[in-house]
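Okay, structure first, notes after.
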Amino acid sequence: MWAAGYRVPKGMSRRHFLQHLAGASTMAAAALSLGHTLRVHAADLQKRRKAAILLWMSGGPPTIDMWDLKPGAPTGGPFRPISTSGDVQICEHLPMMAKVMHHLAIVRSMSTREADHNRGRYYMHTGYAPNPNIEHPSYGAVIAHELIDQRPELEIPPFISIGGGSVGPGFLGMAWAPFTVDSNGRVRNLEMGVDERRLYQRLEALAVIESGFIQQNRGPAADDHRKVLQKTVSLLTSSQMAAFRVEQEPQAVRDRYGNTPFGRGCLMARRLVEVGVPFVEVDLGGWDLHSNTHSTLTNNLLPNLDRAMSALIEDLEVRGLLQDTVVLWMGEFGRTPRINANAGRDHWARSWSVVLGGSGIKGGIAVGQTNEDGTRVESEPYAAEDLMATVCKALGISLETTFTSRNGRPMKIANGGKVIHELFA
């Protein structure tokens, strides 16, 4: 496997390498344009750069036990609410998060349509229900596509998924696909297998073949593959790959995030946003808690989440990044208010919560409410497309943006969802 430590072939400068490859075909020339031609003053660029970090809780977290507790109700479970730095209460097992809630808002009135894992994952990532006739782009692809012009210096992919594969780019094409790494920054499915000079020679040969194939008008697949190769060429030679190397951080910083895959993933997300990546997704799985929900939360999931997510929020704020970075916490749905015979909670999309903050989103508040036992939303309900529209607004992305799918259909960004206006001062 190669990753952040990859070196340019001996005796060849990075510029020489790229120039040499450019001579092989227009493919490499396009790779050069990924960020080398325009330099912007760092201070000015920092003012303009927006970004988003999605903390994805795969499996469907029991938000009734975390962000919208129902003490005393038959559905409430054993956990108790505690006060926070904001005007909200959250679970007693999230004490570190309680200290940063003035930066975050809870939307307690999510009511969505998909309670199946795969369909819910797709819907919450895209704002669209699955459709066999069209693949919609995910948050990462849309945000990367819309914000890439803010960072002409970026040489690594604009959409990075840590710890698990995200939903793909849909009709936007493979240039906007997630670049997946593990929590140690290792790139998956990219085996070296040969020495560095041989690898360079193969890339050069492949560039020539790709160029000829594309000129034969073989359809979009060839061009998409070329764009993926462009990313690879840029990655091989970019100093920005060091952002994946969390071991470069001081030990105290790594300890603050926690020595877990999710902790390292959150730290990596901060490092990636710092170098200009507009969208990073970090996966924390294990939330499909059909049995032993509360013991699993207490002994594993909540301490892990509490340490890493609170460290991320604190770190972004101290570094001046939170004012331009949306942090969004969610899964594919919530879990049932009713506790089943196995001391677990099952799938539930009718009434649940998400958490978000940063980039102008008002912190320390809860939007919406559920009834006394959490079985229904008692205020205006919000869906996946509304949440996506809200994130786009916070990032300065126009909700009038319309894409054209590959079958020629106009597709409105965020599926025309409505902004959750209570989140903005």
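Legend: residue pairs K70/K418; K99/K418; K393/K418; K50/K99; K70/K393; K50/K362, Cα-Cα distance threshold 20 Å; pairs beyond threshold, K70/K418; K99/K418; K50/K99; K70/K393. Taking amide H as placed 1.01 Å from N in the peptide plane, S353 has its amide H under 5 Å from the amide H of T63, each at least 5 places away in sequence or on another chain.
In nm, what is the difference between 0.36 nm times the number of residues separating K362 and N217 and their Cα-Cα distance?
Working: separation 145, 0.36 × 145 = 52.20 nm, distance 4.97 nm.
Going from the current span to full extension adds 47.2 nm.
Taking other Cβ atoms within 10 Å as a rough exposure proxy, F424, F79, F159, F262 sort from fewest to most as F424, F79, F262, F159. For region 108-159, a crude dipole built from +1 on the beta carbon of Lys and Arg and -1 on the beta carbon of Asp and Glu, taken about the Cα centre, is about 360 debye to the nearest 20. Distance from the alpha carbon centroid of region 308-349 to that of region 68-113 works out to 11 angstrom.
With neighbours defined as other Cβ atoms within 10 Å of a residue's Cβ, the residues E385, E314, E247 order from fewest to most as E247, E314, E385.
On the beta carbon distance between A205 and N131, with R0 = 51 Å, the FRET formula returns roughly 0.80. The Cα-based radius of gyration of region 91-154, divided by its Kirkwood radius, gives an Rg/Rh of 1.11. Exposure proxy shown here: for D373, D149, D255, the number of other Cβ atoms within 10 Å sets the order, fewest to most, as D149, D255, D373. The value of relative contact order for region 236-302, using C-alpha pairs under 8 Å at least six residues apart, is 25 percent.
Taken together, the values in this text are just the output of simple stated rules run on the coordinates, not laboratory data. Please read all numbers here as calculations on a predicted model, not as lab measurements. Glycine also receives a Cβ, built like all others from the backbone with ideal geometry; neighbour counts cover every protein chain displayed.
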